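What follows is a short report on a single structure.
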Amino acid sequence: MKDKTLFRIGVLMISILISFNSFSQEKILSKKIVYEVDIMRSRIEQGSDKDSIAYDYIVDKRFFWQAIDTIIAKAKTKDFYFKTFDKESLSFDTIMKNLRKDYLISFKDTLRDYRAKKLLEDEVRAIRFEEEWTYNPKTMMINKEVIGYNPVIRIDSIKLKDDDLVPYEYFRFELGWVYPKGRSNLKDTLCLIRNIHFTIPIYNKTPYHWWDSHLEPEYSIPYFELYMKKAEEGLIKVYAQPNSTESYTRQEILKRKQFEMMTTIDSQDAYGNIIQKDTIIKGNYSTDNLDYLRFGDEWYFDNSTLHFIKNVNYISPMIQIIGLDGSLRGLMPIYYLRRR
């Protein structure tokens, strides 16, 4: 009898352990998502003779260019090959040939060797990433595995917009995708930035490009529903800002869920004519309103394997703020969840 009781207790403990482990296991948020992050922030500098564009580095300039130099050097010596998005190999000579061709089309000028060298050394201003995202259902923090990445050369120009001078992308060239093999050994890594703050759209309606800044609803909707439920029940701590000292109370979270939006209402006048009127209404946001995600990431680069490694410091789903004219006025974070 005693042996049977001990056996049952053992089975119960194992089942509890299995249940706990299954709950704690990482769950899929996206099997494949591609998005772009700026490495530099552009601004207009007004001079006495003419206006120009200046750039502020978002990442550590020294280590970022050391990483780019390592990638270019290994491509030149054929230690690895850049690839197309369809995984077809690109030699470094082919890449430079394509760069010269695109440069000639855009600038109506030949790309000289010294200028080509400068483009590779100074003008990589963004990186496209292909990643797989998972999350911990207990903490709701997102984990990113970088499958591949693509350095992007960008040259900006200046245009007039609403009486203001603004920079815009004039020339763009993607070097090619880097798909590191194996896993990072973390023996020779560079910390590119402790925290890079950026926002990306997470739903893309463009046919045949479902992976581009797009989360599959079958994974994302359950994630956001659980995220909001846990926050509202006080099971995870969320904050007004990434560096806030005090977390939101449950009452503050529920109150923050209220929002105002503009909608068009059809009504009839005294003569039966249909009149459309823009009206501000109050409502509650749900997972249907979450169209963007804001991240704070920590980035590392492995010199020996060319791996990018990311740690997510904080996240916040974002809702769009629509003005009376129907235009997008901005994005509002619902609340931040942070790693520490």
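Quick notes on this structure:
- So Phe92, is it in contact with a Lys or Arg (Cβ under 9 Å, 6 or more places away or on another chain) and at pLDDT 95 or above: yes
- The sole residue among Ile153, Ile236 that is modelled with pLDDT of 95 or more, assigned to a loop (DSSP other than H, G, I, E, B) and touching a helix residue (DSSP H, G or I) at 6+ places or on another chain (Cβ under 6 Å) is Ile236.
- Verdict on Lys97 being surrounded by fewer than 16 Cβ atoms within 10 Å (Cβ to Cβ), closer than 24 Å to Arg43 by Cα and without any contact (Cβ under 8 Å) to a residue 24 or more places away in the chain: no
- Count - residues of region 54-82 that are more than 23 Å from Met96 (Cβ to Cβ) and crowded, with 16+ Cβ neighbours inside 10 Å: 5
- Qualifying residue in region 287-302 (condition: under 25 Å from Tyr35 (Cα atoms), assigned to a loop (DSSP other than H, G, I, E, B) and at pLDDT 95 or above): no
- Contact annotation: residue pairs with Cβ atoms under 6 Å, 6 or more positions apart or on different chains, pairing a residue in region 103-122 that is surrounded by 11 or more Cβ atoms within 10 Å (Cβ to Cβ) with a partner that is in a helix (DSSP H, G or I), are Leu111/Arg100; Leu111/Tyr103; Leu120/Ile72.
- Of the residues making up region 77-116, those that are of a type in the set (Lys, Arg) and within 29 Å of the chain's Cα centre (by Cα) are Lys83, Lys87.
- Filter result for the condition that a residue is touching a strand residue (DSSP E or B) at 6+ places or on another chain (Cβ under 9 Å) and either at positive phi or modelled with pLDDT under 95 (or both), over Leu186, Leu175: Leu186
- Top-ranked residue in region 239-261 [being part of a loop (DSSP other than H, G, I, E, B) and either on the phi > 0 side of the Ramachandran plot or of a type in the set (S, T, N, Q) (or both); ranked as farthest from the chain's Cα centre (by Cα)]: Thr249
The values are calculated or read from the model by the stated rules, or taken from the named source; none is laboratory data. Owing to the predicted nature of the structure, the values given are computational and were not obtained by experimental measurement. A quick note on method: Cβ atoms are made from the backbone with ideal geometry, for glycine too, and the neighbour counts reach across all protein chains shown.
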